[in-house]
Each structure stands twice: as C-alpha cells, then as structure tokens.
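Engineer: My questions will all concern the structure given below.
The values are calculated or read from the model by the stated rules, or taken from the named source; none is laboratory data. Quantities reported herein were computed from a predicted structural model and do not represent experimental measurements. Cβ coordinates were reconstructed from backbone atoms using ideal geometry, including for glycine residues, and neighbour counts include every protein chain displayed.
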Amino acid sequence: MPTLLDAWSLHLATDRSVGRSAYCDLVCYTVDQAPMAVDLRDNTNLWGVPPTAQSAIREAAVAVSRYPQIYARELRVALAEYMGVEAEMVVTGCGSDDVIDACFRALADPGDRVALPSPCFATAETFARMNGLSPVVVTLNDDRSVDIGRLGRSDARVIYLSSPNNPTGGLVRREEIERLLNLSRASVILDEAYGEYAGVGSCDMIAHCDRLVVVRTLSKAFGLAGLRVGYGVGDPAVIRMVEKARGPYKVNSVAERAAVAALRADREWVAERVCQAIINRDRLAVVLRTLGLTPLPSAANFLLCPTADARTLTRLLAAVGVGVRCFVGLSTIGDAIRITVGPWPLMEIFLERLAAVLERKSNGEVAASCA
Ligand SMILES: *Cc1c(COP(=O)(O)O)cnc(C)c1O
C-alpha cells in the first residue's frame with residue numbers, strides 16, 4: 001500500500017496546476033559531471049585556485065558561524081577598484097548566473113520580451129523564462145558573428161549577449177556594442193565572463209549609456225568557480241534595482257573573503273595564467289587542424305569545433321577519461337565539441353588520446369560499438 005508520502009509526491013509530480021505555470025516546461029540544469037582524468041568541459045581555470053585566495057578560504061572558515069555582509073560591501077569595493085569604477089556601480093551575486101537572474105527581474109516585467117543570440121550561454125534563456133519573460137532568439141550571422149541589427153530591432157525590453165560568446169568564443173566588437181545601444185532602447189546585459197581572456201572591458205561605456213549592465217565573474221580566469229562569485233557593473237540607479245531583485249546575503253562569507261583576497265593579491269597570478277591560456281589556445285588550434293578538426297576563432301579560454309561526429313567523439317573521449325562538452329544542433333553551426341584550454345602538459349594528454357580515438361574511428365573500429 002502506498003504511504004501517505006508516496007501519494008503526496010505522486011500528486012505533486014503529476015498535477016500541473018501546482019505552482020507557477022511558467023515552471024512546468026522548465027527542466028533542471030543538467031550537465032555530465034562524472035569525474036574525468038582530463039576534464040575540459042566547463043571553461044574553468046585549469047591551473048587551479050590562486051594562492052592568496054586559498055589561504056583566505058582557510059582563514060575564513062572560523063567566521064562562518066556569523067552572517068556575511070548583507071550586500072557584500074567589501075567585495076564591491078574590491079571589485080570597483082579592479083574594474084576602475086565606483087563601488088555604487090557594482091552589484092555582486094552567487095555566481096554571475098545570480099546577477100543575470102536578478103537583472104532580468106529588475107529590468108523587465110513578467111511578459112516582456114528578452115532578445116538573445118543563438119547559440120549563446122543557454123542558462124540566460126532559462127533565467128529569462130524563470131522570470132516570466134519571453135525569449136526572442138536571434139540566430140548568429142552566417143559568419144557566426146552576433147546579428148546586432150536583428151537583436152537591436154527585436155523590440156525587446158532587455159537584450160542579453162555575451163562577449164566573448166559561449167560556446168562559439170567569438171568576440172563582439174566595441175563598435176557593434178555601441179551600434180546595439182544606438183539601435184535599441186532596451187536594457188542591455190553584456191556578459192563578459194571571459195573578458196580577461198579577450199583583454200576587453202566595456203564598463204567605460206556605462207558613462208554614456210545607463211542602459212548597459214556589464215556582467216562578469218570570478219569563475220573563469222580567477223579560478224574560483226566553486227565559490228560562486230559574480231558581479232555586475234552599471235549605472236548606480238540601475239545597480240540599486242538589480243540589488244533589490246537579487247536579495248540579501250547572496251555571497252557567503254568564505255567566498256567574499258577569498259574573492260577580496262584574490263582581487264587584491266592574486267591579479268598577477270591570474271594575468272600570467274590568462275597569457276598562458278591564450279598561447280596554449282592558439283597552439284592547440286593549430287594541432288587540432290592537423291587532426292582534421294576546424295576550431296572556430298576564439299577570444300576566450302576554449303575552442304569550439306563543429307563536427308558531425310560530436311556525439312560519438314564525446315563518448316569515445318569519455319571512455320578514455322577525457323571530458324569535452326558536446327553540443328547538438330546549434331543554430332548555424334550544427335553539432336560541435338567545446339574544449340577548455342589548460343596547461344600544456346594536460347593539452348598533450350588530451351591530444352594524444354584524441355589522436356588515438358580519431359585513428360580508431362577512421363579505421364572503422366568504433367562504428368559497431370558506438371552505433
Ligand atoms: C561560465 C559562464 C558564466 C559564469 O557563471 P557563474 O555563475 O559566474 O559561474 C556566465 N556567463 C557565461 C557566458 C559563461 O560561460
């Protein structure tokens with residue numbers, strides 16, 4: 001006989017009238033996180049955690065019985081200094097995901113339209129839906145650049161775009177951002193999660209346009225993805241709105257202390273790894289081409305290789321302990337694998353195993369086992 005609890009959970013799982021209707025068609029975020037010896041799936045800093053942040057994490061442990069700062073004041077000051085802006089122009093969050101989520105809530109009303117390129121960072125569209133907004137998807141141009149004209153003329157309340165774009169790696173040039181801001185009256189969320197790798201920053205444009213919010217993160221170049229620290233930079237009045245939408249206590253005290261320490265004392269460590277990532281990325285692209293793959297030009301710490309074999313390749317690589325991210329049916333691109341760039345010895349192991357997998361494939365050895 002089913003227990004009361006079974007009956008209750010069955011009821012919840014089947015009754016679509018329970019809860020917010022916009023959530024019925026949403027699915028929880030899933031990516032393969034099975035451990036991999038060579039894990040090139042998530043574009044994080046494969047050199048590890050910066051040293052000052054590491055010791056700050058240990059020291060911060062003793063203070064966790066108390067609440068963190070409500071709106072992470074000290075972190076905002078450190079970020080403002082890093083970005084060369086006033087602290088009132090900075091909002092923090094539990095990862096930049098949280099900042100994007102809060103921006104959608106703060107900058108639009110339920111039912112409003114949000115224009116986004118496709119493909120882009122898929123989480124952005126999910127957050128738009130979670131906030132009751134309707135996504136207007138604008139496919140990339142044939143050359144895989146973001147279609148600024150169609151984004152700008154989309155009549156959306158908010159436009160989201162990422163530069164460098166994930167998963168393509170393509171950069172949206174500064175003139176194009178300016179063109180977008182001129183074409184449209186929408187609020188523009190510009191996601192610069194990989195800004196350090198591209199060596200660009202658009203925060204100075206906020207002085208001329210208070211509709212621009214630049215979103216960045218400590219998850220990539222700063223090597224702190226597990227701590228979940230992201231931030232947004234914008235006009236102070238806009239940032240106050242985003243902060244209200246974000247809510248209190250979102251950055252935990254360990255994350256706040258480690259982030260402040262890294263921003264003050266690990267910048268050189270970060271800059272050196274960013275340089276190395278760029279060198280290794282370009283070197284990796286050359287070798288991938290000799291293996292018959294065709295990586296797209298990237299301004300970030302990853303390479304996207306369109307290939308009809310993406311699924312098989314991902315599975316074969318996983319079988320030899322290598323994780324790459326598989327994309328299926330990307331608009332204007334099709335199927336592809338995305339590879340995070342890391343220290344060269346790791347790239348060498350990856351390339352050896354990739355070459356072996358491609359060799360077996362071309363000899364027809366894997367067709368039967370992977371059908
Ligand atoms: C990785 C990534 C993020 C980072 O998210 P966090 O929540 O800060 O870890 C944001 N935007 C893009 C485009 C990304 O690729």
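Engineer: Just a yes or no: is a residue in segment 91-104 more than 16 Å from the ligand (Cβ to nearest atom) and either within 28 Å of residue 221 (Cβ to Cβ) or assigned to a loop (DSSP other than H, G, I, E, B) (or both)?
Structural biologist: No - not one qualifying residue is present in segment 91-104.
Engineer: Consider residue 146 carefully, then state whether it is within 16 Å of the ligand (Cβ to nearest atom), buried (at least 20 other Cβ atoms within 10 Å of the Cβ), more than 25 Å from residue 336 (Cβ to Cβ) and at pLDDT 95 or above.
Structural biologist: No, not satisfied.
Engineer: Out of segment 85-124, which residues are under 12 Å from the mean Cα position of the chain (by Cα) and surrounded by fewer than 18 Cβ atoms within 10 Å (Cβ to Cβ)?
Structural biologist: Hits for segment 85-124 are 122, 123.
Engineer: Shifting gears a bit: What's the total number of residues in segment 232-259 that are touching a Phe, Trp or Tyr at 6+ places or on another chain (Cβ under 9 Å) and either outside any loop (DSSP other than H, G, I, E, B) or within 16 Å of the ligand (Cβ to nearest atom) (or both)?
Structural biologist: The number of residues fulfilling the criteria is 7.
Engineer: Hey, could you check segment 205-231 for residues that are away from the ligand (no atom under 12 Å from the Cβ) and in contact (Cβ under 8 Å) with a residue 40 or more places away in the chain and say which is surrounded by the fewest Cβ atoms within 10 Å (Cβ to Cβ)?
Structural biologist: 206
Engineer: Kindly list the number of the only condition in (1) more than 15 Å from the ligand (Cβ to nearest atom); (2) buried (at least 23 other Cβ atoms within 10 Å of the Cβ); (3) of a type in the set (A, V, I, L, M, F, W, C) that fails for residue 189.
Structural biologist: Only one criterion in (1) more than 15 Å from the ligand (Cβ to nearest atom); (2) buried (at least 23 other Cβ atoms within 10 Å of the Cβ); (3) of a type in the set (A, V, I, L, M, F, W, C) is unmet by residue 189, namely (1).
Engineer: Now for a different question. Could you tell me how many of the residues in segment 155-186 are away from the ligand (no atom under 11 Å from the Cβ) and either modelled with pLDDT of 95 or more or buried (at least 24 other Cβ atoms within 10 Å of the Cβ) (or both)?
Structural biologist: Within segment 155-186, residues that are away from the ligand (no atom under 11 Å from the Cβ) and either modelled with pLDDT of 95 or more or buried (at least 24 other Cβ atoms within 10 Å of the Cβ) (or both) number 21.
Matching residues to (1) outside any helix (DSSP H, G or I); (2) closer than 20 Å to residue 219 by Cβ:
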residue	(1), (2)
42	yes, yes
45	yes, yes
53	no, yes
58	no, no
61	no, no
65	yes, no
70	yes, no
78	no, yes
81	no, yes
